[in-house]
Structure formats: structure tokens, C-alpha cells
Amino acid sequence: RVYGIMVVTVLLIMAYIGTGWVIKLQIGLLALLVGSILSVLIGSIATPPNEDKGFVGPGGSTLSDNIGPDFRDGFDFFQVFAVFFPAVTGIMAGANISGDLINPSENIPKGTLWAILVST
């Protein structure tokens, strides 16, 4: 939770400063994401299975157990999608109309933060 709060705080600062600064950092952020994904992949392959801690390692049986959805409490794909889709597309729609805004560098961060606040 502490790590998540730190990441959200950094994202908040980036959104508040403005989109121009974020655009300049995109290559660095891409490298960070690629490094994180590779870390998970390499770690899951290089780490020996430990069923006591819940890590069974990659394998055919693990893939077949996890390939399908496992919705809980009577939810299905469309109910989950109905919550997720508007939250994501609403924020993107707000960013995509930046050409119509009087002061985009101020309005986009504020609108994005309000959208996240209202949708969570």
C-alpha cells in the first residue's frame, strides 16, 4: 500500500505540473515499464517453485487453471466491463478534447484528477 501511495503521489505531481513535462519523460517511463515487465517475467522463470508460499511456477497446468475468467459473487464480464470502461474512456475523452480548452496545461491535470476522484 505504501508503494502504491508513493506511485500515485508521483503521478499526481506529474499531472499537476503539466502534460508538456510528462511528454518529455515518456521514453523514460516506457523504459521503466519494460524493465518492470521483464523483471516479473524473469523472476517467475528464475525463481524455483515454492508451493508453501503459493508460487507454483510456470507450467501447463497453471496456464490451464488460470486461462479462463473467475468472476466472483455472480458477476460476469459485462458487469465488470461496465464499471471499467467508462472510468478509462472518460479520462481519455477529457484528454482528447485538449484542443478545445482555453488553458490546456492547467485544465487537463485538474480534469483528470477530478475524473479519477469522482470515479473511485
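The values are calculated or read from the model by the stated rules, or taken from the named source; none is laboratory data. No experiment lies behind these values; they were computed from the predicted model shown. Cβ coordinates were reconstructed from backbone atoms using ideal geometry, including for glycine residues, and neighbour counts include every protein chain displayed. In case anyone asks, the SASA skips ligands and DNA or RNA and just uses the protein heavy atoms, side chains included. Shrake-Rupley method; radii C 1.70, N 1.55, O 1.52, S 1.80 Å.
Skip the ligands, DNA and RNA, and give the accessible area per residue of the chain with a 1.4 Å probe, whole Å².
The answer is 84 Å² per residue.
Using alpha carbons only, how many degrees (0 to 90, rounded to 10) separate the axis of helix 26-46 from the longest principal axis of the chain?
10
Where does helix 104-119 land angle-wise versus the long Cα axis of the chain, in degrees 0 to 90, nearest 10?
50
Contact order normalised by length for the chain, with contacts defined as Cα pairs under 8 Å and 6 or more residues apart; what percent is it?
Contact order relative to length: 33 percent.
Where does the chain land at 222 nm, in deg cm²/dmol rounded to the nearest 500, when only DSSP H runs of n ≥ 4 count, each adding -39500 (n - 2.57), divided by all residues?
It lands at -23000 deg cm²/dmol.
Among 11-21, 107-117, how do they line up by average Cβ neighbours within 10 Å per residue, starting with the highest?
In descending order of packing, they fall as 107-117, 11-21.
Computing the accessible area with a 1.4 Å probe over protein heavy atoms, can you report the carbon and sulfur percentage for the chain?
70
If one takes the longest principal axis of the Cα atoms in the chain, at what angle in degrees, from 0 to 90 and to the nearest 10, does the Cα axis of helix 77-96 lie?
30
If ligands, DNA and RNA are left out, what is the accessible area of SER36 with a 1.4 Å probe, given in Å² to the nearest 10?
Counting only protein heavy atoms, SER36 exposes about 60 Å² to solvent.
What Kirkwood Rh does the chain have if only Cα atoms enter the pairwise 1/r average? Answer in Å.
In the chain this quantity evaluates to 18.1 Å.
Suppose every Lys and Arg Cβ carries +1 and every Asp and Glu Cβ carries -1, with no other charges. What dipole size does segment 1-86 come out with about its Cα centre, to the nearest 20 debye?
480
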